[in-house]
1. Taking segment 27-51 on its own, how many of its residues are modelled with pLDDT under 85, touching a helix residue (DSSP H, G or I) at 6+ places or on another chain (Cβ under 7 Å) and assigned to a helix (DSSP H, G or I)?
2. Looking only at segment 182-200, count every residue that is more than 13 Å from residue 117 (Cβ to Cβ) and either without any contact (Cβ under 8 Å) to a residue 24 or more places away in the chain or surrounded by fewer than 24 Cβ atoms within 10 Å (Cβ to Cβ) (or both) and tell me the total.
3. Have a look at 179, 208, 136, 173 and point out the one that is in contact (Cβ under 8 Å) with a residue 24 or more places away in the chain and outside any helix (DSSP H, G or I).
4. What pairs come up if the first residue lies in segment 85-104 and is surrounded by fewer than 16 Cβ atoms within 10 Å (Cβ to Cβ), the second is assigned to a loop (DSSP other than H, G, I, E, B), and their beta carbons are under 9 Å apart, counting only those six or more places apart or on different chains?
5. Kindly indicate whether any position in segment 69-77 is out of contact with any helix residue (DSSP H, G or I) (no Cβ under 9 Å at 6 or more places or on another chain), in a loop (DSSP other than H, G, I, E, B) and on the phi > 0 side of the Ramachandran plot.
6. Quick one: would you say residue 213 is under 30 Å from residue 25 (Cα atoms) and either touching a helix residue (DSSP H, G or I) at 6+ places or on another chain (Cβ under 9 Å) or surrounded by fewer than 18 Cβ atoms within 10 Å (Cβ to Cβ) (or both)?
7. Return the only residue of 119, 144 being at pLDDT below 90 and either assigned to a helix (DSSP H, G or I) or under 19 Å from the mean Cα position of the chain (by Cα) (or both).
């Protein structure tokens, strides 16, 4: 039996033990059972924390890489095409296929899941940063140069602040996407809510609870990013007001 299959069987064994212990006709009918959810909710807290760690780590590393590449390509514009194409190729690789390709190199566990998840964020984040920088009005750039700003000052004091809404928008998309993809990290031994979801796809209470936690995690990250954007762009609130 393969390593993935063994892990799935073990997870299912634990899951079915939990189900049989709760009893009840609702559970026997694979229905939506509020009582079962209340009794077993604590078993989802560790997978939720793992899922959050998988998501936040992947988006943070992906942003650091994509942001650096976007800044480099600002002066070397010929790099935009190759970087976009390469990140696009990585984005099209099926998740499970990526796990299998990485297993001989990184082994089964958190690292394998993270490498794949980071790869999927690069296209979204690189395009987001580049779109934000390219969207800065030329007259604003000319005016900044006219008052004597250096290229470094122009980047950090003018271009990036104006590009920030687009950058945060890309982070929001990448985060939501990664929350969904992280459910497959279970097959790479990375943990997360995927282990609960795939333990029994026919049991409504399990799928609803695990799926709802994924949605709440994505919503929480979304709210944090929106608050960060509002904090970093006070002039936008003044314009909107």
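The values are calculated or read from the model by the stated rules, or taken from the named source; none is laboratory data. Being a predicted model, the structure only gives us computed values, none of them experimental. Note: ideal-geometry Cβ built from the backbone for every residue, glycine included; neighbour counts use all protein chains shown.
1. 1
2. Step one: of segment 182-200, the residues more than 13 Å from residue 117 (Cβ to Cβ) are 189, 193, 195-200.
Now drop any that are not either without any contact (Cβ under 8 Å) to a residue 24 or more places away in the chain or surrounded by fewer than 24 Cβ atoms within 10 Å (Cβ to Cβ) (or both), which leaves 189, 197-200.
Total meeting the criteria: 5.
3. Working: 179 fails: outside any helix (DSSP H, G or I); 208 fails: outside any helix (DSSP H, G or I); 173 fails: outside any helix (DSSP H, G or I).
On inspection, the qualifying residue turns out to be 136.
4. Taking only residues 6 or more apart or on different chains, the pairs are 101/93.
5. Applying the first criterion (out of contact with any helix residue (DSSP H, G or I) (no Cβ under 9 Å at 6 or more places or on another chain)) to segment 69-77 yields 76-77.
From what is left, the residues that are in a loop (DSSP other than H, G, I, E, B) are 76.
Subsequent filtering for residues that are on the phi > 0 side of the Ramachandran plot retains none.
No, that holds for no residue.
6. Numbers: under 30 Å from residue 25 (Cα atoms): yes; either touching a helix residue (DSSP H, G or I) at 6+ places or on another chain (Cβ under 9 Å) or surrounded by fewer than 18 Cβ atoms within 10 Å (Cβ to Cβ) (or both): yes.
For residue 213, the condition - under 30 Å from residue 25 (Cα atoms) and either touching a helix residue (DSSP H, G or I) at 6+ places or on another chain (Cβ under 9 Å) or surrounded by fewer than 18 Cβ atoms within 10 Å (Cβ to Cβ) (or both) - is met.
7. Values: 119 fails: at pLDDT below 90.
After ruling out the rest, the residue left standing is 144.
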